[in-house]
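Take a look at the structure set out below.
None of the figures in this text is laboratory data; all of them are computed from the coordinates on show. These numbers come from a predicted model, not from an experiment. Glycine also receives a Cβ, built like all others from the backbone with ideal geometry; neighbour counts cover every protein chain displayed.
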């Protein structure tokens, strides 16, 4: 469509294009110069990851928006198809880098489902504890960033301080704060250091205090309520049709939580409530995430009381590396170890889809294995892919200042969106 | 070596019939010609269909009172170029849909084999809002055309990207040609897409 | 020696000395001090330490050298004019906002009069009306900066600043109606004199106690006038990057910044004068035999301490309260502050008539 | 299956309608923080990084190191296990025969391209001889050029004070024939 043909736009093309994922207003007549196009561009203080929102404005009101993603596409699937099953685990830390443990758990559970193997109870409890800690860090970061864009910078730094307590916990167990590389197929890489559970309770108490303080500081503040209420509203069935899951769907009032819908690990032994909102606007999403953090803290406390003693890795052959005693001591252990490292894991042929309740919603891993060591397909179902697709619909009709409030409550994470 | 270990593991798989098999019987009655095969691996219900029946079947699964698959979970494609072992794949590509019913609380996976020479499949973007971008991503990565898609162009890659990276015959470290910086102005004209 | 005394007695020289003293020794140092203190106090609120790295040799102080560091940095930073910007308007915009921030100190008395010498630059009869005129000139600073710097974000910031500042000047004026009625004149020295008396010898007749509602509206309007805390939609740093001064850099940008911090001190000084008794030290009249120099010193220190407390309070509010969206600022102004200000005027009138 | 649902209360009473009470509650909290920190720095969490360092746990994965046997020789027997398991493919080993028959193999060159390393710790798990470890606790790894990030064997190995059991000192470790400074990185693209 060269520039010369532009002047002869047919009448049919004049009507606004209203698609999921792109809303473009009708072109203004030559005289009327009301519509202005600005780029809430890739590098913008309110864009959490790197995403471009080409926004069409009539004055300050939004009449159209076209999100453009792909800036953080690192080729997760292509890399994982060219590496062994165990080498993909460090990649999954970097998907939703705000809650890395949940990605690890999701991927490892998918491969364990391929193997069809059960992990020991202590490993399941350990995964629940570390997963919920990671969920709290995810919600802390999202709420902090959302409130900062609406002006609560102190709220942001208090919540980042609370997140710091939890990062130190992750580091004590896994050795990394964000790039943890912790779970293995059939269990967890490392067990808790002694005195760790006591440390968790102490820090959770501090985190609960900070959440309480943040709640007092911002949630009941009329200025905050005005900025967040009835902003980016989506009805319940439209949200389902857009594929919303996780806190955003619960904010619309649908109590859909994978920890209850597809019970995995030991979630069915722990009781917690599922917070749901009413209207499905930014304020509901804020409150749902706040409530979910409190539920996660109570889950961790219950799990700490019930965690049994025992091994953290399965005794199944060809799943975990043999113990170092056997590797040094016996020749069979050394041969097993050598074979495991050189050829990697050989899950039986087949395909599997394992959903898990990620920080943003249903984080699904669809794996296809042909029995040889190399994965055929390693697909991640990104929960925030659907939220950015619904962004034009959420932002239509609001003001420029509301883009940041909506985009903050969506909690788009670049790594998970573009994989 | 790995075969025998998987046998001992097979027994763990739950074999009790769940509701989805009811869904499969329903689909068999409605569109007997559409179904190539069905199987159930690790408690994941799967339905392999002919690609031209995908739209009516998806509409049936979404609207029929017994199925009520309100949520479209995922769409992706699999490239079976280098796979020797038998994964019941007939064509080179297979488009895989995952659906989820919130009210009936069950899941289903639809698979449609797509031959290499004419890489296209009818688009189902009218049934769920979420499908639009998933189909664009699948086109971007595998080059599978979704007919009827209003805006089928690349989503993760830039427009001038040559080739479809997730195909098995796309080399890992292929260098893309450098291109000059174009102004953003030309891309989005009011009212239409390039 | 005699010549010097004579020279000092000249009225013109006294005015120049007063201007120099109030501007160079009171307003500017406090303004620059506030640039550091905002970062230090906000750090304290957010469990941080705040800047303490600027050092000469090994002396680091507790961050005090950052004032010098910022000043030097802004002098040496490149001062560029964006392509397509209207050069003339772009360069004079910072002076308008700087001028309006500094001019507020013209009518503020910092200590009681000694004989006929007044610690006040000018004591014009329509004192506060002069303030309203000057602050309305400040709008030009933001609007010209926004419109002339050829950037969409700056344009947003400029238009928002103009609408907000103009509409909040209305409430600025209306909220002081009650004060004028209570103290009988718009002349600042008379108002401050009026605040010297005490009810039943105990409660000082400050503006806050006689005009609580007027104080709230006036304080809100002044914060909105200086585009800070909940009303900083013009420099909405989260959605329009930095508002009207997004294209500024180097000395021009720092003049906007300095204007903002001097405006903080200006607001604090103005509110101390009108609502917290200016230099009137409460219950000082009991102690007749106090020497004159001690009285002036007490009055000056009371005035400075109250100004500092109010500066601190503004910065505290800045780091506590989220931001209004722009149309909410206007709605709050016209739908809520306007009726409250009018109500306050009417109620004050009724009370005065009833008491008289 | 049954599960408990908790509706989030978004009620908005008079207390919220007036702006002042909400702001007052917020001010109460920020002032509490302010006065606790301005006087005694009680809750301050920031540390002065270059002077103070953050306490790290023993499992913290930092810079690699090659451990040594009692007799001073490297534990590494160049079995290529870490090279195959490394997801970032950033380890390059060349094995060599040692003149003394008691020593099976040793790495003539053992290079880790620290710029490519993702610090996942899989090499430490895979090593059958505990020859490579990541517990040096070095937090800041900043150098002036890309080449200085290609750690060679002599940079990685432990410092070692020879004692009575020492048979091999560092001088005995033959140097690789042509110690180029810039090794081709994992993708075969020679680093600049």
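The angle between the Cα long axis of helix A:196-214 and the main principal axis of chain A comes to about 10°, on a 0 to 90 degree scale.
Annotation: for a label point projected 7 angstrom from Cα along Cα→Cβ of residue C:33, residues of region C:258-282 with backbone N closer than 20 Å are C:258-274, C:276-281. Take the alpha carbon gyration tensor of region A:116-180, find the square roots of its eigenvalues, order them as a ≥ b ≥ c, and report rounded if a/c is under 1.5; if not, report prolate when a/b exceeds b/c, else oblate. It comes out prolate by the Cα gyration axes.
When C:275, A:192, C:156 are sorted by how many other C-beta atoms sit within 10 angstrom of their C-beta, beginning with the fewest, the order is A:192, C:275, C:156.
Here the Gaussian network model covers chain D, with springs between Cα atoms less than 10 Å apart; of D:78, D:24, D:159, D:24 fluctuates the most.
May I ask for the distance between the Cα centers of region D:85-154 and region A:340-373, given as a whole number of Å? For region D:85-154 versus region A:340-373, the Cα centre distance is 30 Å.
Sorting C:313, A:244 on the 10 Å Cβ count, fewest up front, what's the list?
Working: C:313 15, A:244 29.
Fewest-to-most ranking of C:313, A:244: C:313, A:244.
What FRET efficiency comes out for residue C:170 versus residue D:41 if R0 is 41 angstrom and r is the Cβ-Cβ distance? Round to the nearest 0.05. Provide the component values of the computation, followed by the final result.
Working: r = 45 Å, r/R0 = 1.09.
Efficiency for this residue pair is about 0.40.
Our note on the geometry: Cα centres of region A:117-185 and region C:207-273, 38 Å apart.
Once the Cα atoms are used to define both axes, helix C:65-76 deviates from the longest principal axis of chain C by about 50 degrees. Centre-to-centre separation between the Cα atoms of region C:125-191 and those of region A:196-227: 39 Å.
Kindly state, to the nearest 0.05, the FRET efficiency for residue C:9 paired with residue C:283, given R0 = 35 Å and r defined as their beta-carbon distance.
On the way: r = 34 Å, r/R0 = 0.97.
The value I calculate is 0.55.
The long axis of helix A:153-174 is offset from the longest Cα principal axis of chain A by roughly 20 degrees.
Rounded to two decimals, what is Rg over Rh for region D:65-172 when you use alpha-carbon atoms and the Kirkwood radius? Present the calculation step by step, with values, prior to reporting the outcome.
Numbers: Rg = 14.1 Å, Rh = 14.7 Å.
That ratio equals 0.96.
Shown here is the pair-distance distribution of chain A: with all Cα-Cα distances grouped in 10 Å bins from zero up to the longest one, the shares run 4, 21, 29, 23, 13, 6, 3, 1, 0 percent.
Please work out the Kirkwood hydrodynamic radius for the protein assembly as shown, using every pair of different C-alpha atoms, and report it in angstroms with one decimal place. Write down the numbers at each step before the final one.
Details: mean 1/r = 0.0294 Å⁻¹.
Evaluated on the protein assembly as shown, it is 34.0 Å.
With R₀ set to 25 Å, the beta-carbon distance separating residue B:158 from residue D:146 gives a calculated FRET efficiency near 0.40.
May I ask for log10 I(q)/I(0) of region C:94-218 at q = 0.13 Å⁻¹, from a Debye sum over the Cα atoms as equal point scatterers with solvent left out? Here log10 of I(q) over I(0) equals -0.65. Comparing D:101, D:119, D:110 in a Gaussian network model of chain D (Cα springs below 10 Å), the most mobile by mean-square fluctuation is D:101.
In units of the compact-protein estimate 2.2 N^0.38 Å, chain C shows a Cα radius of gyration of 1.05.
A viscosity of 0.890 mPa s and a temperature of 25 °C, combined with the Kirkwood radius over Cα pairs in Stokes-Einstein, give a translational diffusion coefficient for region A:149-258 of 142 µm²/s. With the simple spin-label model, which puts each label point 7 Å out from Cα in the Cβ direction, the residue C:351 to residue D:32 separation comes to 3.4 nm.
Sorted from fewest to most neighbouring beta carbons within 10 Å, what does the list C:248, A:97 look like?
Values: C:248 24, A:97 17.
In increasing order of surrounding Cβ atoms, one gets A:97, C:248.
Using only the Cα atoms of region B:13-186, build the gyration tensor, take square roots of its eigenvalues as a ≥ b ≥ c, and label the shape rounded, prolate or oblate: rounded if a/c is under 1.5, else prolate if a/b is larger than b/c, else oblate. It is prolate, given that a/c is not under 1.5 and a/b is the larger ratio.
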